[in-house]
Each structure stands twice: as C-alpha cells, then as structure tokens.
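Structure first, then comments.
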Amino acid sequence: MNILFVRLSYIGDILHATPAARWIKEHYSEAKLHWIVTPSMVELLKNNPYVDEIIPWERDEYEAHSKKLHIPTMWRMWWELRDKLEPYKFDVAVDVQGRLITGLVLLASGAPIRLGLGGTKELNWLFTNYKAKPSTDHVIKRYIEVAELLNTAVTEHSDLNVSSAVSEDNVKPCITNGVTGKKLYHMDFFVPPNLHVWAEEQWKSISYDTFLERSEVEKPLRVGLVLGTSWATKEWPQEKWYSLIKSLQYRANFVCLGGPKEATQYKPLMDSLTVDGLDKIMLNMLGKTTLQEVGALIESCDVVVTADTGSLHIALALNKPVVALFGPTDPKLWGPLTGNFKVLVNDELDCLGCRKRRCPKPDQYCMSGIDSVRVKKAIFELIGDKHGKV
C-alpha cells in the first residue's frame, strides 16, 4: 500500500501530525508512507522511522501566486506536482490539513482513496471520499481520527495490500529518541547524535562563575527560552523575560531560541542583559540555528519556557519539562497533550482563546498578565528543588 501523507506546514502543525503518521505505520507496517511538506520544514521529519520518504513541494510559492491570482502559474505548478507524484502510483492519500491547497495535492496524487477531516472550509471536502466526523477535540486527536479511516477503507477495498496490518493489542511501541513507550498522542522529533555533541560545545562557551560568583550552585540549571511567536498577540512581553532571567541569574544559564525575526525584535532585551553583564550566562542563538540544531539545544536543557510556537512542540516531542504560556490560542486544542508540562494563562480574563492576531485591549492583558514569578514557580514545580529553592 502506497500512501501520501499531507501536512505541508508549519512546525507545530507538522509535529501535531506525527502521531497520525506513526499510527498508520504501526498498524500497516508494510505500507510505504510518503510525507509531502514545504521544503523549509523537511528537517522536522528527517530521521523519523515512521516516514519512508519526504517529498518537498513549494507550498509557500504556490500560496503566494494564489493570493495574487496568478492562475497560469498556479496551473503550471499543479501540473508539475501531478507529474512529480504520478510515478508513485499512490493507493491512498491522507490529508490532515483540510485546506483547498491540500485538496489540490490530493487531486494531484491520483490516489483513488482520499482520507480527510470533516467540517473543512475552502471546498476541501470536495477532494476527500472518507471524512472524519467534525470535532472540537485537540488537533492531535483529530488527525489520528483521519488516520483511523484507513481501517474502513481497507475493509471496503479488497484490492489493497494489507497483509501486515496489526491489531490494536499488538501495536508496536513508539520510539521517542531512543526511549520506547506506547503513547498514542506523543509527537515525534529526532535529533541526530552528532548534534548532541554540538549542543554541549555551545554550553561550554558560558563562563559559570567569572561574573556572578555563583558559589552556591554546583551545576547551573539550563533554561531554554523560546522568544517570539508567529503572532504578536501570543508573545510574552520582553520585560517579563528580563524579570525571569534576573530572578534565576544565580542558579541558571540560559539559551535564547528564535529565528531571524526574533534576532531583530528582541535586541532591546539582549542589550539590557548585556548592560547587566548577564550575557555571560546567556547563549544568544536567535537567528543562528537550523530546526535540528534548535532541537539539539532544547534537548540539552533542563526546562524550557515558551509561548505557543513551534519550539514548544519540539520540546514536548523531546520529552523536556515545559512551561507553556497561552493567551489568544486555546491550549485545549493546540497545547500540550503528553509529557511533563505546566500551562499558564491569565485566569482573570474571559476572552482567552479569542484567536485574534491584534488585541483590542490595552497592554494585551492575556499575555502581560502572566507574571514572571508564576513562571519561576512553575519551573521548580516541574523539576523539583535539585537546583535550589524557589
């Protein structure tokens, strides 16, 4: 059975889809699963034992032409994709994204059996012939419900080669970076061994005691700070990050993670830390890392603090303790589902989960209302007091 798995972007969304891909491979181990994804996200799927082949496709370029109604270019790109996918002779295509663009990918795949989400917009429903029931459950669970449609399709199509299907009781345990465990909803991300060494070399550049003389700390806590998100409304204010770092300066070292946007956006924070001499206990990796390097640095941390952004899900996939800060997005739908985590929100508001990218309220209360003292307390609730009392 040849399967095309469709989740084109982005970091968190792709990682949310990895349990569904793993479910397919655990239940139909002889099936070949090919995952189509935008090229910038390929690193997320490298070394994943549940993905037989990664197929890059310029989704962002297609979308850019779509917004400008460049119909001839869109038509050409779709036919090029069709020609690219035709040799695979796909039996099944699985769409867990539920957009018009992913529906067009299903059509280009030529697969006669097409599984997808129920209740989708943008005419996506036209391209699927097996649909999961509409649901308001966590996105990981919804994706797995789409994968489970394969059981129905196999029952109804006797020509599919499913000789190696396994029963639920015999599901093989998932692999989580060398640790096995039967966790249906656990996300998968795999860091290459050589990057473990690279991450340790980065930490060695920090001088533990030359500035702060932290004699009470034998081995400083390693704290990962994921700065910035794709939405301004999801970001924790810079002064809150500063307060957290100051409160932990005598017991922790830090690594700041983010992309080129954050390197510019968070320069005021970095400048303030430099003035205070705290840059000496800080790895500023903003805009300097690949996705797999981000994973390696996160894996080397004792705890990670992050808002709702891609690296939150990388940390969860790597089984790291995570303090997750949520505001305009609902953690019940998009937040942590497995692992060791604390989710913090501003409980005083009734507008949480509004999904607005521009806050109509002054000072963006949902995120600014999460105090750094609460975050610090949550850190030590997760990891215990082995690095000192709160």
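The values are calculated or read from the model by the stated rules, or taken from the named source; none is laboratory data. If you're wondering where the values come from, they're calculated on a predicted model, not measured in any experiment. Cβ placement follows ideal geometry from the backbone for every residue including glycine, while neighbour counts extend to all protein chains displayed. Calculation scope for accessible area: heavy atoms of the full protein, side chains included, ligands and nucleic acids excluded. Shrake-Rupley method; radii C 1.70, N 1.55, O 1.52, S 1.80 Å.
Looking at the stretch 350-364, which of its residues are open to solvent by 50 Å² or more (accessible area, probe 1.4 Å) and closer than 19 Å to G228 by Cβ?
Scanning the stretch 350-364 gives R355, K356, R357, R358, D363.
Looking at this structure, is K320 open to solvent by less than 50 Å² (accessible area, probe 1.4 Å), modelled with pLDDT of 90 or more, in contact with a Cys (Cβ under 7 Å, 6 or more places away or on another chain) and closer than 25 Å to Q249 by Cα?
Here the answer is yes, as K320 does meet what is asked.
Might you check whether a residue that is open to solvent by 40 Å² or more (accessible area, probe 1.4 Å), in contact (Cβ under 8 Å) with a residue 24 or more places away in the chain and under 28 Å from N48 (Cα atoms) occurs anywhere in the stretch 235-258?
No, the stretch 235-258 contains no residue that is open to solvent by 40 Å² or more (accessible area, probe 1.4 Å), in contact (Cβ under 8 Å) with a residue 24 or more places away in the chain and under 28 Å from N48 (Cα atoms).
In the stretch 142-181, how many are in contact with a helix residue (DSSP H, G or I) (Cβ under 8 Å, 6 or more places away or on another chain), open to solvent by 60 Å² or more (accessible area, probe 1.4 Å) and at pLDDT 80 or above?
Number satisfying all stated conditions: 2.
Residue check: is T264 open to solvent by 10 Å² or more (accessible area, probe 1.4 Å), free of Cβ contacts under 8 Å to residues at least 60 places away in the same chain and farther than 13 Å from V226 by Cα?
Here the answer is yes, as T264 does meet what is asked.
Being under 16 Å from the mean Cα position of the chain (by Cα), assigned to a loop (DSSP other than H, G, I, E, B) and within 25 Å of K141 (Cα to Cα): is that true of L337 here?
So L337 fits the description; yes.
Looking for something out of contact with any Ser or Thr (no Cβ under 9 Å at 6 or more places or on another chain), open to solvent by 20 Å² or more (accessible area, probe 1.4 Å) and among the β-branched types (V, I, T) - is there at least one such residue anywhere in the stretch 4-22?
No, there is no match, as no residue in the stretch 4-22 is out of contact with any Ser or Thr (no Cβ under 9 Å at 6 or more places or on another chain), open to solvent by 20 Å² or more (accessible area, probe 1.4 Å) and among the β-branched types (V, I, T).
Given the conditions (1) touching a Phe, Trp or Tyr at 6+ places or on another chain (Cβ under 7 Å); (2) part of a helix (DSSP H, G or I); (3) not small (G, A, S), and given that V94 satisfies all but one, which numbered condition is not satisfied?
(2)
Kindly list, by first and then second residue, each pair from a residue in the stretch 11-31 that is of a type in the set (K, R) to a residue that is open to solvent by 10 Å² or more (accessible area, probe 1.4 Å) and not in a helix (DSSP H, G or I), limited to pairs with Cβ atoms under 7 Å and residues at least 6 apart or on different chains.
As it stands, the answer is R22/Y50; K25/Y50, since those pairs meet every condition given.
Residues being closer than 26 Å to P328 by Cα and part of a loop (DSSP other than H, G, I, E, B): count how many of those fall in the stretch 254-295.
Residues flagged as closer than 26 Å to P328 by Cα and part of a loop (DSSP other than H, G, I, E, B) within the stretch 254-295 amount to 5.
Of (1) in a helix (DSSP H, G or I); (2) out of contact with any Lys or Arg (no Cβ under 9 Å at 6 or more places or on another chain); (3) crowded, with 20+ Cβ neighbours inside 10 Å, M367 satisfies all except one. Which?
Condition not satisfied by M367: (2).
Within the stretch 267-282, work out how many residues are touching a helix residue (DSSP H, G or I) at 6+ places or on another chain (Cβ under 8 Å) and open to solvent by less than 10 Å² (accessible area, probe 1.4 Å).
3
Test each condition in (1) in a helix (DSSP H, G or I); (2) loosely packed, with under 15 Cβ neighbours inside 10 Å; (3) in contact (Cβ under 8 Å) with a residue 60 or more places away in the chain for I298 and report the one that comes out false.
With (1) in a helix (DSSP H, G or I); (2) loosely packed, with under 15 Cβ neighbours inside 10 Å; (3) in contact (Cβ under 8 Å) with a residue 60 or more places away in the chain applied to I298, the lone miss is (2).
So, in the stretch 52-79, exactly how many residues are part of a helix (DSSP H, G or I), open to solvent by less than 30 Å² (accessible area, probe 1.4 Å) and within 15 Å of S40 (Cα to Cα)?
Selection size over the stretch 52-79: 2.
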